[in-house]
Amino acid sequence: MTTTEPAPQTQPALVAPKIPHVLYGGDYNPEQWPEEVWAEDARLMREAGVNLVSLGIFAWARLEPRPGEYDFSWLDRVMDLLHEHGVFVNLATATASPPPWFSKLHPESLPVTESGVTLGTGSRQHYCPSSPAYRKAAHALVTRLAERYRDHPALAMWHVNNEYGCHVSECFCGESARAFRAWLRDKYGTLGALNDAWGTAFWSQGYGDWDEIEPPRAAPTFRNPSQGLDWKRFSSDALLSLFEMEREILKRVTPDIPVTTNFMCFFKPLDYWKWAGRQDVISNDAYPQPSEPGAAVEMAMASDLMRSLGGGRPWVLMEQVSSQVQWRERNPLKRPGVMRLWSLQTVARGADGIMFFQWRQSRAGAEKWHGGMLPHAGTDTRTWREISGLGAELARLTPVLGGRVGAEVAILLDWESWWALELDARPSRALKLLDQVRDYYTPLWERNVAVDFARPGQDLSGYRVVLAPNLYLTREGVGAQLEEYVSSGGTLVVSFFSGMVDEHDQIHPGAYPAALRRVLGLRVEEFDPYPQGHTNRVRTLGGEAFTSRLWADVIVPEGAEPLATFGEDFYAGRPSVTRHAFGAGTSYYLGTRLDEAGMDWALGEMLAGADVRPTLDAPRGVEVVRRQSEHGAFLFLLNHADRPVTVTLPAPAADLLSGLDHGTSLTLDPRGVAVLRESPVG
């Protein structure tokens with residue numbers, strides 16, 4: 001087996017070629033402020049080290065105050081002012097929130113819920129993704145923006161729309177129904193093929209005419225799950241088609257300016273694997289709850305996903321908050337040092353840009369209590385001092401630009417399987433994919449084992465270990481691919497309720513898990529989703545005891561050997577965790593959801609068997625990530641503990657942040673960070 005070493009580079013792969021530094025800045029909304037404030041903004045941006053702002057995201061009503069009447073004069077002045085102060089612009093297409101006049105002229109463009117309620121104006125994202133009127137108006141606005149600013153020296157990147165699907169990820173109006181039927185015609189060709197795929201012989205659902213097909217609106221009871229799965233695919237594609245419309249305009253007019261739209265971590269409604277292939281730069285908005293114990297893990301996991309979506313390329317954290325958000329039931333502050341710690345953690349995991357929502361904290365509107373880089377209280381504040389300090393530190397990390405993170409472990413994540421797993425009429429509605437992903441990811445993070453995310457079907461040969469927390473939907477060919485991966489020497493780890501259905505959510509013929517039965521060396525005779533609060537005991541062959549939660553598979557080995565067994569119920573003594581030698585490799589199966597200690601044991605066994613080692617042995621609470629650029633290898637050490645921690649280093653190294661040279665040990669302050677140059681280019 002080979003490992004995923006960073007690809008050799010001849011020059012940094014800059015996410016914004018005009019800016020040869022770590023990107024730093026945030027969303028800027030000058031339309032919310034009198035013009036005399038703009039000069040102060042530009043001056044303070046330069047003072048804080050800001051080199052990029054996202055501009056005009058919600059400015060459609062200011063850019064087109066009346067139908068077909070455009071006013072770019074104010075935007076011209078802002079663009080010129082920013083350029084004079086050395087600040088580049090990630091120019092938004094402003095299509096995320098249509099102005100009031102548009103909704104009044106085109107009430108049919110407003111989105112409709114599955115229960116038939118038409119959503120009104122006064123908020124944002126109040127448009128149907130399939131609305132012809134919306135598409136026409138957005139096309140006209142984006143075309144004018146691209147043509148006007150194509151040669152402006154401040155333009156460094158395009159920001160399309162904003163957080164697609166955040167509030168309206170699907171629309172059930174008549175226009176959406178027509179678009180859904182057209183999408184189905186393209187996919188299936190004939191009604192016969194559609195009826196077979198959807199299993200419409202069940203409950204007398206056979207379709208004789210395309211016009212009989214409707215979106216899966218509110219119904220008396222469970223709706224057809226195969227139809228529901230296709231509806232999820234269509235809804236993601238409908239929004240993607242809007243992005244592609246805008247992207248086509250921008251790339252035609254400004255082919256050398258990178259285009260992005262901001263993702264939202266593990267956002268279920270949109271298939272980010274499919275979306276990622278259309279992005280010049282992957283960007284993300286991340287808002288973990290700072291009071292939650294696992295917040296740092298959530299931030300790391302989202303960062304690894306973004307890096308993976310781009311095939312390992314550098315990406316941009318487009319939004320985070322400096323202090324606190326306003327949209328949760330309770331909104332605690334980030335404690336001192338946390339904003340810096342998480343920002344540098346993001347750089348460690350592949351980001352070449354750290355941005356915020358928002359630059360200047362708003363005085364009015366729904367987000368006036370959402371923190372900003374420049375808070376209501378101004379510059380004599382902890383927030384401003386931390387923001388300015390981070391800007392100065394990021395300027396010292398230019399050698400890291402373009403760097404990659406090598407990983408020997410991959411977690412399989414398939415959006416379509418995720419959708420299918422959590423549709424109605426499942427054996428357990430308590431089974432959630434992201435819970436399973438976190439169960440796997442957290443012990444790896446704590447062990448400082450680097451992780452990529454991967455999709456079934458992609459080349460996995462570069463990984464020593466591939467983890468499948470739940471691969472419920474297994475398309476044709478994926479089982480054979482995983483067999484080839486393991487037989488060639490790989491280590492595969494699979495959890496319960498995987499390999500169950502095909503791409504139409506129809507059961508694979510044969511005993512569970514039919515698609516993965518050979519490679520796992522077992523069959524599942526039946527499964528037992530636990531009642532709420534119920535647990536079981538699991539005992540390893542070495543005598544260790546753990547708790548079994550949520551689920552139990554009744555496993556019949558067909559070559560696999562048990563590593564642990566259940567302790568209670570009629571399947572007491574039957575395998576709960578198995579290992580199977582297959583060709584030159586090994587597969588493991590977890591027939592239950594183990595507690596935290598159990599997952600740490602299981603993954604420890606599996607990593608040791610594959611000879612996967614941590615980036616660096618470090619005390620608990622210290623995160624270690626290695627990032628390799630053309631300038632060498634850089635070891636990021638991040639102390640998430642509330643106490644000083646001493647780390648033993650493999651060799652003396654210089655810290656890019658402090659400028660200090662360290663010997664073979666380093667003490668990190670609480671929430672302290674060091675970025676050590678391991679191998680400078682000589």
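What follows draws every value from the coordinates through simple rules; no lab data is involved. All of these numbers come straight from a predicted model, not from anything done at the bench. All Cβ positions, even for glycine, are placed from backbone atoms using ideal geometry, and neighbour counts span all protein chains on display.
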Inset, instruction - Distance between Cα centroids, region 167-208 to region 14-85: provide it in whole Å. - result: 44 Å
Legend entry - For Asp27, residues with placed amide H under 5 Å, excluding near neighbours: Ser54, Phe356, Phe357, Trp359
Inset, instruction - Consider a paramagnetic label point 7 Å from the Cα of Phe72 along Cα→Cβ; state which residues of region 86-102 have an amide N under 14 Å from it. - result: 91-94
Legend entry - Fraction in percent of alpha-carbon pairs per bin - 10 Å, region 563-653: 12, 30, 26, 21, 9, 2, 0
Inset, instruction - Enumerate the helices in the chain for which the Kyte-Doolittle hydropathy averages -0.5 or more and the C-alpha atoms extend at least 24 Å along the helix's axis, using complete DSSP H runs. - result: 132-149, 225-253
Inset, instruction - Only Cα pairs under 8 Å and at least 6 apart count here; give the relative contact order of the chain as a rounded whole percent. - result: 12 percent
Legend entry - Residues with amide H under 5 Å from that of Leu522, placed H, sequence gap 5 or more: Glu558
Legend entry - region 235-297, relative contact order in percent, only Cα pairs under 8 angstrom and at least six apart counted: 32 percent
Inset, instruction - Rounded to the nearest 0.05, what FRET efficiency do Glu678 and Gln326 give with R0 = 45 Å and r taken as the Cβ-Cβ distance? Could you check? - result: 0.60
Inset, instruction - Before anything else, pin down the relative contact order of region 622-677: Cα pairs under 8 Å, at least 6 apart, normalised by residue count, whole percent. - result: 38 percent
Inset, instruction - Normalise the Cα radius of gyration of region 409-609 by 2.2 N^0.38 Å (N = residues in it) and let me know the number. - result: 0.93
Legend entry - Sites Arg539 and Arg620, calculated FRET efficiency, Cβ-Cβ separation with R0 25 Å, nearest 0.05: 0.45
Legend entry - Computed log₁₀ I(q)/I(0) - Debye formula, equal Cα scatterers, no solvent, region 322-463, q 0.14, 0.17 Å⁻¹: -0.95, -1.10
Inset, instruction - Would you calculate, for the chain, the mean residue ellipticity at 222 nm contributed by helices, counting each DSSP H stretch of 4 or more residues as -39,500 (n - 2.57) and dividing by all residues, to the nearest 500? - result: -9000 deg cm²/dmol
Inset, instruction - Please report, largest first and rounded to whole Å, the three semi-axes of the ellipsoid equivalent to region 430-516, where each semi-axis is the square root of five times an eigenvalue of the C-alpha gyration tensor. - result: 22, 17, 10
Inset, instruction - Calculate the spin-label point distance for Arg278 paired with Ser461, positioning each point 7 Å from the Cα along the beta-carbon direction, and give it in nanometres. - result: 3.2 nm
Legend entry - Relative packing of 502-512, 457-467, which averages over residues the other C-beta atoms within 10 Å, highest first: 457-467, 502-512
Legend entry - Antiparallel DSSP beta bridges within region 409-609, percent to nearest 5: 65 percent
Legend entry - Within region 364-400: backbone nitrogen closer than 17 Å to the Ala61 label point (7 Å, Cα to C-beta): 364-368
Legend entry - Computed over region 186-283, Cα set: Rg, Dmax in Å: 17.7, 54
Inset, instruction - Sequence neighbours fewer than 8 away in the same chain don't count; with that in mind, list the aspartates and glutamates whose C-alpha is under 16 Å from Lys136. - result: Glu64, Glu69, Glu108, Glu175, Glu244, Glu246, Glu248
Inset, instruction - Sort Tyr571, Tyr485 so that the residue with the fewest other Cβ atoms within 10 Å of its own Cβ comes first and the one with the most comes last. - result: Tyr571, Tyr485
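From the P(r) of region 29-186, can you give the percent of Cα pairs sitting at distances over 22 Å?
47 percent
Can you give me the convex hull volume of the Cα atoms of region 233-388, divided per residue and expressed in Å³? Walk me through the numbers before you get to the answer.
Details: hull volume 22.0 nm³, N = 156.
Taking the convex hull of the Cα positions in region 233-388, it is 141 Å³ per residue.
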Legend entry - Histogram of C-alpha separations across region 557-612, 5 Å bin width, %: 4, 18, 27, 26, 16, 7, 2, 0
Inset, instruction - Give me the distance in nm between label points sitting 7 Å out from Cα along the Cα-to-Cβ direction at Ser665 and Ala201, one decimal. - result: 7.3 nm
Legend entry - the chain, Rg to Rh (Cα coordinates; Rh as Kirkwood inverse mean 1/r): 0.97
Inset, instruction - Calculate, for Lys136 and Glu212, the FRET efficiency according to 1/(1 + (r/R0)^6) with r their C-beta to C-beta distance and R0 35 Å; round to the nearest 0.05. - result: 0.75
Inset, instruction - Please give the contour-minus-distance gain from Glu596 to His83: 0.36 nm per residue of separation, less the Cα-Cα distance, rounded to one decimal in nm. - result: 179.5 nm
Inset, instruction - Give me the Kirkwood hydrodynamic radius of region 622-677, using the inverse of the mean 1/r over all pairs of distinct Cα atoms, in Å to one decimal. - result: 11.3 Å
Legend entry - Most to least packed among 250-256, 229-235, 352-358, 529-535 [average Cβ atoms within 10 Å]: 352-358, 229-235, 250-256, 529-535
Legend entry - Point-to-point label distance, Ala366-Glu561, nm (Cα→Cβ direction, 7 Å offset): 5.8 nm
